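Chemist: Input: one structure, supplied below.
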Amino acid sequence: VQLQAYGGGLVQAGGSLRLSCAASGLTFSAYTMGWFRQAPGKEREFVSAISRGGSSTYYTDSVKGRFTISRDNAKETAYLQMNILKPEDTAVYYCAATTYSSSTTSRDDYHYWGQGTLVTVSS
């Protein structure tokens with residue numbers, strides 16, 4: 001199983017980025033997909049998750065209204081559209097997959113992880 005996250009970069013506050021997570025080696029449509037992030041010196045935290053069919057989504061409070069998670073099961077890819085970025089969004093962003101429901105926010109419940117992509121938001 002491989003999850004490859006990409007799309008990070010340097011952006012000014014107020015800008016946008018779209019992260020992608022390409023999956024292989026698993027039945028993508030059978031997995032809830034999640035995004036987590038880890039800022040320097042902090043623990044990895046839940047950002048968002050999307051159900052297998054894409055009908056249910058969850059967000060941590062700090063990104064609600066700014067981030068949108070989506071998926072394309074035909075392309076076996078999950079996305080995280082990030083708008084109105086803030087300096088506090090700076091972190092390494094990881095995608096992850098779980099067989100649990102999309103309400104799962106604990107990183108311990110995710111089975112597979114991507115390598116992470118760095119997002120840096122300058123003020």
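The values are calculated or read from the model by the stated rules, or taken from the named source; none is laboratory data. Please read all numbers here as calculations on a predicted model, not as lab measurements. All Cβ positions, glycine included, derive from the backbone under ideal geometry; neighbour counts span all protein chains shown. Keep in mind that these areas ignore ligands, DNA and RNA; they rest on the heavy atoms of the full protein, side chains included. Shrake-Rupley method; radii C 1.70, N 1.55, O 1.52, S 1.80 Å.
Chemist: Of all the residues that make up region 1-14, how many are small (Gly, Ala, Ser) and not in a strand (DSSP E or B)?
Modeler: So the answer is 4.
Chemist: Restricted to region 74-91, and to residues that are open to solvent by 20 Å² or more (accessible area, probe 1.4 Å) and in contact (Cβ under 8 Å) with a residue 60 or more places away in the chain, which residue is farthest from LEU17 (Cα to Cα)?
Modeler: Taking region 74-91 and keeping what is open to solvent by 20 Å² or more (accessible area, probe 1.4 Å), we get 74-76, 79, 81, 83-84, 86-88, 90.
Retained after the next criterion (residues that are in contact (Cβ under 8 Å) with a residue 60 or more places away in the chain): 79, 81, 83-84, 86-87.
On the way: TYR79: 10, GLN81: 6, ASN83: 7, ILE84: 9, LYS86: 12, PRO87: 13 Å.
Filtering region 74-91 for residues that are open to solvent by 20 Å² or more (accessible area, probe 1.4 Å) and in contact (Cβ under 8 Å) with a residue 60 or more places away in the chain, the one farthest from LEU17 (Cα to Cα) comes out as PRO87.
Chemist: Consider GLY8 carefully, then state whether it is out of contact with any Cys (no Cβ under 6 Å at 6 or more places or on another chain) and open to solvent by 20 Å² or more (accessible area, probe 1.4 Å).
Modeler: Values: out of contact with any Cys (no Cβ under 6 Å at 6 or more places or on another chain): yes; open to solvent by 20 Å² or more (accessible area, probe 1.4 Å): yes.
The answer is yes for GLY8.
Chemist: Take region 113-123 and flag every residue that is open to solvent by 80 Å² or more (accessible area, probe 1.4 Å) and part of a strand (DSSP E or B).
Modeler: Result: LEU118, single match.
Chemist: Here is a further query. In the set ALA78, ALA91, which member is within 24 Å of SER24 (Cα to Cα), modelled with pLDDT of 95 or more and out of contact with any helix residue (DSSP H, G or I) (no Cβ under 8 Å at 6 or more places or on another chain)?
Modeler: ALA78
Chemist: Oh, and also: Within region 99-108, identify whether any single residue is in a strand (DSSP E or B) and open to solvent by 20 Å² or more (accessible area, probe 1.4 Å), and answer yes or no.
Modeler: no
Chemist: Hey, another quick one. Taking into account only those residues within region 74-98 that are part of a strand (DSSP E or B) and aliphatic (A, V, I, L, M), which is nearest to GLY116 (Cα to Cα)?
Modeler: Of everything passing the filter in region 74-98, VAL92 is nearest to GLY116 (Cα to Cα).
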